[in-house]
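Undergrad: Dropping a structure here in structure tokens format, bear with me for questions.
Each value in this text was obtained by applying a stated rule to the coordinates, not by laboratory testing. Since we're looking at a predicted model, the values are computed, not measured. Here the Cβ is made from the backbone with ideal geometry for all residues, glycine too, and neighbour counts use every protein chain on show.
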Amino acid sequence: MPPYVVLASLAVCLSVPLLWFSVAPDRGRTTRKVSRNLSAGMAGGGDLRGMVLSQSPAERLFRPATKALAAGARRLSPTGVVDNLERRIQLAGVGWKLETVLALKLVMGAGPIVVGVAWAWLGGPGTATTIGLVGGFIGFLLPDSVLARLAAARQVAIGNQLPDTLDQLTICVESGLGIDAALARIARTATGPLGGEIARLLQDLRVGVPRADALNDLLERTDVAELRQFVHALLQAESFGVPVSRVLRAQAVEQREKRRFRAEERAMKLPVKVIFPLVFCILPVLFIVVLGPAFVRLSSGL
């Protein structure tokens, strides 16, 4: 047998125990370190029971109950209804969670039904169950109605603030500021829902989101046709190299005219809306006050 084969075999045989003794102590030290760290964490209150008990009683009680009620409401509601509810929460700009709203809908829907059935079972009127069903139906739909009104009011406020914001943005850009610096200045001075949306847009830009994606996310959070038109015009101006100041000036003039048209439209609708309270509320009272004494005198004379 050649000597180099013997030397190679001997080297392999000697390397195996050396490798074992070099790895085994480190492995043991690592295991001991992990065990010591875990023991220290458990001793310091890092167990699951201690973490749960560290929470407030309201969190330990209401959070699981809210999740269970939300799961039940989600099973009772179609998928489209849940998606529309989530969209309304987003448009309303409230900090409510979807699970909280679903649990509230279930409680407000089931509460009147339970009360009506219990009232009828305890000897109440025969219409107690019907009243409970009607109240449950109204209570189940009440959060949707509130969110819809909040969302509509918020979108109207954004549309009314948009022309003034575009004027400020145009002045800032024409004075030499970049579009991002102009948006930052407006976010510091603006108030209302549009100012909050611009501040969130700037946060997305600062964390590295591309401007086009950040503007599209802004459109996803709102439902204002004028704002959508402005964003699309701004994106097209950046794509084709059109000066941004010119686009902002044209958009500001157009949005101001649209706001004036909306105000005139609401003013023209006002007489039609006044007819119903005038006929059913004001005129009957006026007739009673004016013709009532004459009718009393006439009846006493006859």
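Undergrad: Between VAL289 and GLU238, what FRET efficiency follows from the Cβ-Cβ distance if R0 is 45 Å, with the result rounded to 0.05?
TA: Numbers: r = 66 Å, r/R0 = 1.47.
Once the sixth-power term is evaluated, E becomes 0.10.
Undergrad: Work out, step by step, the length gained on full extension between VAL107 and VAL279: first 0.36 nm times the residue separation, then minus their alpha carbon distance; give nm to one decimal. Don't skip to the answer; put the middle values down first.
TA: On the way: separation 172, 0.36 × 172 = 61.92 nm, distance 3.95 nm.
My answer for the length gained is 58.0 nm.
Undergrad: Kindly state, to the nearest 0.05, the FRET efficiency for ASN216 paired with ARG185, given R0 = 30 Å and r defined as their beta-carbon distance.
TA: Working: r = 23 Å, r/R0 = 0.76.
That gives a FRET efficiency of 0.85.
Undergrad: With a ≥ b ≥ c taken as the square roots of the eigenvalues of the C-alpha gyration tensor of region 60-154, please select rounded if a/c is under 1.5 and otherwise prolate if a/b is larger than b/c or oblate if it is not?
TA: Details: a/c = 2.57, a/b = 1.71, b/c = 1.50.
It comes out prolate by the Cα gyration axes.
Undergrad: Suppose the chain between ASP164 and LYS269 were pulled fully straight at 0.36 nm per residue; how much longer would it get relative to their current alpha carbon spacing? Present the calculation step by step, with values, prior to reporting the outcome.
TA: On the way: separation 105, 0.36 × 105 = 37.80 nm, distance 2.49 nm.
In short, 35.3 nm is gained.
Undergrad: Under 19 Å between alpha carbons, and skipping anything fewer than 8 positions from LYS258 in its own chain: which lysines qualify?
TA: LYS269
Undergrad: Can you spot the lysines whose alpha carbon is less than 27 Å from LYS67's alpha carbon? Ignore those fewer than 8 places along the same chain.
TA: Cross-link targets: LYS97, LYS105.
Undergrad: What is the spin-label model distance, in nm, from LEU142 to GLU254 if the labels are put 7 Å beyond Cα along the C-beta direction?
TA: Simple spin-label model gives 4.4 nm for this pair.
Undergrad: If R₀ is 30 angstrom, what is the calculated FRET efficiency for the pair ALA152 and ARG63, using the beta carbon separation as r and rounding to 0.05? Working shown, then result.
TA: On the way: r = 31 Å, r/R0 = 1.03.
Working from the Cβ atoms, E equals 0.45.
Undergrad: Rounded, prolate or oblate for region 218-262? Axes are the square roots of the Cα gyration tensor eigenvalues, ordered a ≥ b ≥ c, and the cut-off for rounded is a/c under 1.5. Walk me through the numbers on the way to the answer.
TA: Values: a/c = 3.52, a/b = 1.23, b/c = 2.86.
Oblate is the answer for region 218-262, as a/c is 1.5 or above yet b/c matches or exceeds a/b.
Undergrad: By the gyration tensor of its Cα atoms, with a ≥ b ≥ c the square roots of the eigenvalues, what is the shape of region 160-262: rounded for a/c under 1.5, prolate for a/b over b/c, or oblate?
TA: Values: a/c = 1.28, a/b = 1.15, b/c = 1.11.
Here region 160-262 falls in the rounded category.
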